[in-house]
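The values are calculated or read from the model by the stated rules, or taken from the named source; none is laboratory data. Predicted, not measured: the structure shown is a model, and the values here were computed from it. Note: ideal-geometry Cβ built from the backbone for every residue, glycine included; neighbour counts use all protein chains shown.
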Amino acid sequence: MLTTHAFHELLKTGPLVLDGATGSNLMLAGMPRGCCAEQWILENPEALVLLQRSYANAGSDVIYAPTFQAQPIALEKVGLEKQTEAVNAALVALSRSAAPGKLIAGDLTTLAAFTESWNPENFDLLVENYRRQIRGLVDGGADLLVAETLMYPQEAEAILTAAELENAGACMYSFTMQAGGILFSGMDAGPVLRELEQAGAAAVGFNCVAADMMTPYLVSKLRRDVKGPLLCKPNAGNPVIGDDGIARYEMKPDAFAGIVADCVQMGAKLVGGCCGTTPKHIQAVKNAI
């Protein structure tokens, strides 16, 4: 894995482009709503390979492995908890085959749907779940880690602890936020991100926030506290729920890219797309910056 220092050296050449949405695109490709995405991908690898190859061709420098909720506590629902490490390693290898030459980030996320992750009594449970996932990501050959769509500072602290215990390398931390840069815990995001940065995070920032004219302001606000690399991975606007129950996002690639380019001007060093974005959105971002 890359060290944090080596990762920062890469960023000296300019902003790195991340990939776009995975889940929303796979659902449009046939993945059932509510299924275990990791299990479905392993059984239907072609859809994931096609999507990630498209992101690589569009200009993504970093591809997120589809390991979003591949922790034991989540995989237990489909009987795969004993295979946690193998599942994560296999998904990293799949992403590597889809996008050779690109950086592959092992993806971790909130466990709020499975446990009261903000409850201090559950901290050891969080650490153990993340340790097993990180072990699989490292064994699978991930170049770095990304903890995304986090909701509570305790989750980031647990991932930081787990990564240290597993001797992992560079790790980015990305929170979903409410208007004005407020975390779902009610805390101001800026000081939380600053503490993570001081604790050794390779980059910090946000994802799963609707791209609008306030997004560059959010980057500017966070920059007051964050001195190192800032990550910006917004949604393609706000979703519209169709009759089939699938959320669709209507912001066009050029409009999305214009907002992300403004975020770069405000100081973002890692940019990409979250829900509703496609390879076309990432291509537009690459062109814009």
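Values for this structure:
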read-out: Selection from region 38-73 of residues that are out of contact with any Lys or Arg (no Cβ under 8 Å at 6 or more places or on another chain), of a type in the set (G, A, S) and buried (at least 21 other Cβ atoms within 10 Å of the Cβ); value: A65, A70
read-out: Scan of region 275-289 for residues that are over 18 Å from A21 (Cα atoms) and not in a helix (DSSP H, G or I), ordered by number; value: I289
read-out: Residues satisfying the stated conditions in region 128-143, i.e. farther than 19 Å from E157 by Cβ, within 15 Å of the chain's Cα centre (by Cα) and either charged (D, E, K, R) or not in a loop (DSSP other than H, G, I, E, B) (or both); value: D143
read-out: Output for region 163-215, where each listed residue is hydroxyl-bearing (S, T, Y) and either over 17 Å from A268 (Cα atoms) or buried (at least 24 other Cβ atoms within 10 Å of the Cβ) (or both); value: Y173, S174, S185
read-out: Number of the condition not met by G79 [criteria: (1) modelled with pLDDT of 95 or more; (2) of a type outside the set (D, E); (3) surrounded by 15 or more Cβ atoms within 10 Å (Cβ to Cβ)]; value: (3)
read-out: Members of region 15-34 that are of a type outside the set (D, E) and in contact (Cβ under 8 Å) with a residue 60 or more places away in the chain; value: P15, L16, V17, L18, G20, A21, G23, S24, N25, M27, L28, R33
read-out: Set E197, E148, E157: member being assigned to a helix (DSSP H, G or I), of a type outside the set (S, T, Y) and in contact with a strand residue (DSSP E or B) (Cβ under 6 Å, 6 or more places away or on another chain); value: E197
read-out: Total residues in region 237-274, condition outside any helix (DSSP H, G or I) and either modelled with pLDDT of 95 or more or under 21 Å from A201 (Cβ atoms) (or both); value: 11
read-out: Hits in region 1-19 (condition: part of a helix (DSSP H, G or I) and either in contact with a Leu (Cβ under 8 Å, 6 or more places away or on another chain) or surrounded by 14 or more Cβ atoms within 10 Å (Cβ to Cβ) (or both)); value: T4, A6, F7, H8, L10, L11
read-out: Region 20-46: number of residues that are part of a helix (DSSP H, G or I), more than 21 Å from N235 (Cα to Cα) and among the hydrophobic types (A, V, I, L, M, F, W, C); value: 3
